[in-house]
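Below is one structure, written out as structure tokens, with a few remarks after it.
The values are calculated or read from the model by the stated rules, or taken from the named source; none is laboratory data. For clarity, every value in this text was computed on a predicted model and none was experimentally measured. Cβ sites come from the backbone with ideal geometry, for glycine too, and all protein chains shown count toward neighbours.
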Amino acid sequence: MTPEENAAVDGYFALAEWAKPLFWDAYSAIMEAAGPGGSMTVQKSQIAFRIGPSEGCRPLQFAFVWLPTRRINGRPGRCLGLTFGLGRREGNPRIAVVSEPYPGRFTHHLLLESPQELDETVRDWLKEAADFARSKQQTRRR
């Protein structure tokens, strides 16, 4: 990670220092799933992660980390949002919300409260999301 990216992460979490250790755990899991060439962009409302580009293709986003901005009944007060896209709907009760913005693309939102929640199940979803993005990348190349 570059010093600029590190500073951008610090800025994103300036008002939520408590979330930075959890973010770094999520960062490791996401970048492992992204594989070589994976990258991150800190945006105003989220941090986007991309798989690396394959020949003739641009990198594609496959996961996002974000801080919930409003209190909602039933949602933990201190949590970090993790969003990823799959080619199927995952019915696990740990998933807070699933939407289908395009036919065959399902966006999953998960709320993380502790590093222990970044377990093998979540890591498998992240790998599947990265593979799904790669399949979309290949489709765009044709």
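Give Glu90, Glu55, Glu32 a once-over and let me know the one that is assigned to a loop (DSSP other than H, G, I, E, B) and at pLDDT 95 or above. I'd like the intermediate steps shown before the answer.
Details: Glu55 fails: at pLDDT 95 or above; Glu32 fails: assigned to a loop (DSSP other than H, G, I, E, B).
Exactly one residue qualifies, and that residue is Glu90.
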Checklist entry - Within region 43-52, can one find any residue that is outside any loop (DSSP other than H, G, I, E, B), under 16 Å from Val9 (Cα atoms), modelled with pLDDT under 95 and small (Gly, Ala, Ser)? => result no
Checklist entry - If you take the residues of region 94-120 that are among the polar types (S, T, N, Q) and in a strand (DSSP E or B), which of them is nearest to Phe84 (Cα to Cα)? => result Thr107
Checklist entry - Got a number for residues in region 3-23 being more than 12 Å from the chain's Cα centre (by Cα) and either under 19 Å from Gln61 (Cβ atoms) or hydrophobic (A, V, I, L, M, F, W, C) (or both)? => result 12
